[in-house]
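The values are calculated or read from the model by the stated rules, or taken from the named source; none is laboratory data. Bear in mind that the values here come from a model prediction, so they are computed numbers and not experimental data. No Cβ is skipped: glycine too gets one built from the backbone with ideal geometry, and neighbour counts run over all protein chains shown. These area figures cover heavy atoms from the full protein model, side chains too; ligands, DNA and RNA do not enter into them. Shrake-Rupley method; radii C 1.70, N 1.55, O 1.52, S 1.80 Å.
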Number of protein chains: 2
Amino acid sequence: MITENENKKSSVCNCLNMRRASQAITEIYDHYLVPSQISISQFSILKHIHAMEPVSVSALAAEIRLDRTTLVRNLKPLEHLDLIHDIAQPGTRNRQLCLTIKGKEKMEQAHVYWNQAQAQIEAQLGQEDSQILQDLLLKIEVMVP
Amino acid sequence: MITENENKKSSVCNCLNMRRASQAITEIYDHYLVPSQISISQFSILKHIHAMEPVSVSALAAEIRLDRTTLVRNLKPLEHLDLIHDIAQPGTRNRQLCLTIKGKEKMEQAHVYWNQAQAQIEAQLGQEDSQILQDLLLKIEVMVP
DNA sequence: TTATTTTTAGTGTATATACACGTTTATTAT
DNA sequence: ATAATAAACGTGTATATACACTAAAAATAA
């Protein structure tokens, strides 16, 4: 019996193939993260804030390698959910983003699900291919200044 | 001398690594396509329409593997630019999307730049790694139904 | 032929992305 | 001390993404 997946073919376009794989892997991680009610993208932001807090928007954007103005927008939902807050004094330039207690709990909870997604990917690819993929992805990343 | 790129490191998260690489490669293709005034994403849509015309939104979305409602939105700019048009009779269910003359010209022009991007990627990765990457990306893609 | 179901399409809402632009705060030069 | 520069931040605008929902058209069943 032929499943739908076996019909999938690579495109000739490296970019399209990469974008499809990126969407697929995002879908996998998001699926595992459903119980935590945050996306893999949001989880990543929380993790980075936790590692750098208190941190400015610019510093955080540079570390995540995300456009600063994009990050400004992505932070809003997290603020509304009361997962992060800004401890900077009003009238100062740098924001000082931190996780709230709720944010730290959410991050720790989500980490469990993230681990499951991570394990699934590496199990399906195998140890060796996982490493090869990681190297190739980095090779592509550094092509762009 | 240490350049900025050499400082880039892989994340522990497969998803983040993939998303970064996807953004990087998209940036490369978009950069090459600047003279054509369309994005790689738009180029891809034009190519697929050209191969399938006249085509419905649903059929096109299935082929590109893009959410149908996303495609509805992505088609709008292309219609405004007069690159595509719908030859279906009003009051019928299926749209029949086709390239306009202008759209076909744009596609052919953009194809030249797309080729340059494609060549750069494959030159920098090398023949062998290009194939390995393509296989790994497909392997990830088929993980999702 | 009429009723039901399926297919196709679009909109409301929300997040994600980034360029161009302007504003405010901090730093450096004069 | 003041002027010029740099750094940090946010908004306007536009594209990209997709889920939930609605509407209309076509196919099928009764």
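Among the trypsin sites (Lys or Arg not before Pro) in the range B:63-145, those located in a DSSP loop and surrounded by at most 12 other Cβ atoms within 10 Å of their own Cβ are B:Arg93. Summing charges over all other residues whose Cβ lies under 11 Å from the Cβ of B:Leu81, with Lys and Arg as +1 and Asp and Glu as -1, gives +1. Neighbouring Cβ atoms from other chains, within 10 Å of the Cβ of residues in A:122-130, number 2 on average. Taking label points 7 Å from Cα along the Cα-to-Cβ direction, A:Glu79 and B:Glu122 give a separation of 4.7 nm. A Gaussian network model of chain A, with springs between Cα atoms under 10 Å, assigns the largest mean-square fluctuation among A:Gln131, A:Gln37, A:Gln120 to A:Gln131.
If you put +1 on each Lys and Arg Cβ and -1 on each Asp and Glu Cβ, how big is the dipole of chain A around its Cα centre, in Debye rounded to 20?
Working: 15 positive and 17 negative charges, 111 e Å.
Here the size comes out at about 540 debye.
Per-residue ellipticity at 222 nm, computed for chain A from helices alone with -39500 (n - 2.57) per DSSP H run of at least four residues, works out to -21500 deg cm²/dmol. Shortest first, A:Pro90 label-point distances to identical copies amount to 5.6 nm, with the label point at 7 Å from Cα along Cα→Cβ.
Springs between Cα atoms under 10 Å define the GNM used for chain B, and in it the highest mean-square fluctuation of B:His50, B:His80, B:His31 occurs at B:His80. For the protein assembly as shown, carbon and sulfur atoms together expose 52% of the accessible surface, with a 1.4 angstrom probe and every protein chain in place.
Counting Cβ atoms of other protein chains within 10 Å of each residue's Cβ and taking the mean over peptide B:110-119 gives 1. Using the Cβ-Cβ distance between A:Ile132 and A:His111 with R0 set to 22 Å, the FRET efficiency from 1/(1 + (r/R0)^6) comes to roughly 0.25. Annotation for B:Ile101, label-to-label distances across the other copies: 7.1 nm (shortest first, one decimal, point 7 Å from Cα along Cα→Cβ). With a 1.4 angstrom probe, the accessible area lost at the A-B interface totals about 5300 Å².
The residues of the protein assembly as shown expose on average 55 square angstrom of accessible surface per residue, using a 1.4 Å probe on protein heavy atoms. Within the protein assembly as shown, the proportion of Cα pairs with more than 37 Å between them is 22 percent. Peptides B:19-25, A:40-46 ranked from most to least packed by the mean count of surrounding Cβ atoms within 10 Å: B:19-25, A:40-46. Peptide B:29-42 is shielded by partner chain Cβ atoms: per residue, an average of 1 of them sit within 10 Å of its Cβ. Taking the axis that rotates chain B onto chain A, the chain B residue nearest to it by Cβ, with the distance rounded to whole Å, is B:Ser22, 2. For the pair the range B:1-66 / the range B:107-138, the C-alpha centres are spaced 12 Å from each other.
Here the scattering of the range B:37-121 is modelled by Debye summation over its C-alpha atoms, one equal scatterer each and no solvent; at q = 0.12, 0.20, 0.22, 0.24 Å⁻¹ the log10 of I(q)/I(0) is -0.34, -0.89, -1.06, -1.22. Remark: relative contact order (chain B) = 23 percent; criterion is Cα-Cα distance under 8 angstrom and separation of 6 or more residues.
For A:Asn115, the label point sits 7 Å beyond Cα toward Cβ; its separations from the matching points on the remaining copies run 5.2 nm, from shortest to longest.
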